[in-house]
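Asks: My structure is below; once you've seen it, I'll send some questions.
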Protein chains: 2
Amino acid sequence: MAETATRRRGDTRERIQDVALERFTTSGYDQTSLREIAEDLGVTKAALYYHFRTKEEILDSLLEQVSTELDAIVEWMKSGPSTRERRIEMLHRLAEVTRGTPGGVMKCVQQNEAAFQNLSTAAAMVHDLKRKLGEAALPGDATVEQRLRMRAVLFANKPDSDLGGAASERASAAEAIVEDLVP
Amino acid sequence: MAETATRRRGDTRERIQDVALERFTTSGYDQTSLREIAEDLGVTKAALYYHFRTKEEILDSLLEQVSTELDAIVEWMKSGPSTRERRIEMLHRLAEVTRGTPGGVMKCVQQNEAAFQNLSTAAAMVHDLKRKLGEAALPGDATVEQRLRMRAVLFANKPDSDLGGAASERASAAEAIVEDLVP
DNA sequence: GTCTATACGAGGATAGAC
DNA sequence: GTCTATCCTCGTATAGAC
């Protein structure tokens, strides 16, 4: 730790991630160019390619942790019977991950729900969450209405800050809807 | 009407729209390049720019009618009191437009719900539907839970064919959820 | 090990000849 | 009404300086 503070050598990878997360969240993934990120850091585009193989890999590196946690929820759901109690528990765990994720990564995911559909790795996995959770939560012979209910509740369980109100208020509203909607 | 059938002169604009709608729906708006469309028609990219000023304008021309109809629903909702009956009626009208739209335009919209968020004109207006409908449907002093319910039902009201089951089955499932969820 | 210079082919868009 | 030629930006790739 001899070279501290202002100079900042060797942490380029982290600095790329910081800038990328901020831009991806505020301007959107598609609308953010590698040139922007590079210029913001005072390096060239090519420098980014030393640290990451593609633009998508930058995204993936940001989403790695949350992706793992969501995958764990899917696996947990699959590992037991599909009862109503466990479906509700599953949704609680999902809400927890969303709340607990640090650094606004989950906000970035929501902001880009659009763009991530077309990607192929971790980003796609995160976006695909709802479909996977829905499948894991319902038995194969579930009715159309049950499936539709599950889908609706997975969307409803997104009490974004643009709804207004305190975070706790939004959380309890989401919970009431879960109770109403889960098959 | 002297020059009919195979030759097809002067209807290039319509032919562009036909090809574009098909590609936008199956491959996605972002993933469809103007070069593809042009090659499919046996013309060059630049030729498209005689008929449309931008790629987005091609999209907008396809969405014009549906955009108008959705706008009418918003206006109707705003024009009267916000009772539960009228909220449910609003959702029925929305479902009708979705079903009644010809030529798979609405399917294109759903397929691209992703990409349309970032656009600025008719496409954005169509995508923005849910937010606008939600605002029109609820009084200004609505609670957080009411807002969240409205949002959930607008998403739930999308009984896409990938749910399985007959169209009528999906429709009645959607209606049951509406009854359950509308504040 | 970290970066710059440079280039490629794709994208959307434009000017102007025919 | 359609073309060629051109421009800029994009993500990506590689060669080579330090």
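Asks: Nm distances between the label at A:Phe155 and the same-position labels in the remaining copies, 7 Å along Cα→Cβ, shortest first?
Replies: Once sorted, the set of distances for A:Phe155 reads 0.7 nm.
Asks: Let me ask another. How many Cβ atoms of partner chains, on average, are near each residue of A:155-165 if near means within 10 Å of its Cβ?
Replies: Per residue, the number of nearby Cβ atoms from other chains is 4 on average.
Asks: Now for a separate question. Viscosity 0.890 mPa s, temperature 25 °C: give me the Stokes-Einstein translational D for the stretch A:63-181 in µm²/s, with Rh taken as the Kirkwood radius over C-alpha pairs.
Replies: D = 165 µm²/s.
Asks: Can I ask one more? From the C-alpha coordinates alone, can you work out the Kirkwood hydrodynamic radius of the protein assembly as shown, in Å?
Replies: The Cα-based Kirkwood calculation yields 23.0 Å.
Asks: Inverting the mean 1/r over all pairs of different Cα atoms, compute the Kirkwood radius of the stretch A:8-51 and quote it in Å.
Replies: 10.5 Å
Asks: Another question, then. How far is A:Glu22 from itself in the other copies, in nm, if each label sits 7 Å out from Cα along the Cα-Cβ line, shortest first?
Replies: A:Glu22 label point versus its equivalents elsewhere: 4.7 nm.
Asks: How many nanometers, to one decimal and shortest first, lie between the label point of A:Glu69 and those of its other copies, if labels sit 7 Å from Cα toward Cβ?
Replies: Here the equivalent label points are 4.2 nm apart from this one.
Asks: Local charge sum around A:Lys107 (other residues, Cβ-Cβ under 15 Å, Lys/Arg +1, Asp/Glu -1)?
Replies: So the surrounding residues net to -1.
Asks: If the reach is capped at under 27 angstrom between alpha carbons, list the lysines near B:Lys130, excluding any in the same chain fewer than eight residues apart.
Replies: Cα-Cα hits under 27 Å: A:Lys107, A:Lys130, A:Lys132, A:Lys158, B:Lys55, B:Lys78, B:Lys107, B:Lys158.
Asks: Check every DSSP H run in chain B and write down those whose alpha carbon atoms cover 20 angstrom or more along the long axis and whose mean Kyte-Doolittle hydropathy is -0.5 or greater.
Replies: Membrane-span-like by this rule: B:55-78, B:167-181.
Asks: Now for a different question. Which net charge results when you count Lys and Arg as +1 and Asp and Glu as -1 among the other residues whose beta-carbon is under 13 Å from that of A:Arg53?
Replies: The answer is -1.
Asks: Using the Cα centre of chain B as the reference point, and only Cβ charges (+1 on K/R, -1 on D/E), how large is the resulting charge dipole? Debye, rounded to the nearest 20.
Replies: 240 debye
Asks: Tell me the net charge near A:Glu69. Cut-off is 14 Å between Cβ atoms, A:Glu69 excluded, with +1 for each Lys or Arg and -1 for each Asp or Glu.
Replies: Net charge in that neighbourhood comes out at -1.
Asks: Something else: Hey, got the average number of other protein chain Cβ atoms within 10 angstrom for residues in B:105-113?
Replies: If you average over the peptide's residues, the count of other-chain Cβ atoms is 1.
Bear in mind that the values in this text are calculations on the coordinates, not laboratory data. For clarity, every value in this text was computed on a predicted model and none was experimentally measured. FYI the Cβ positions are ideal-geometry reconstructions off the backbone, even for glycines, and counts take in every protein chain you see.
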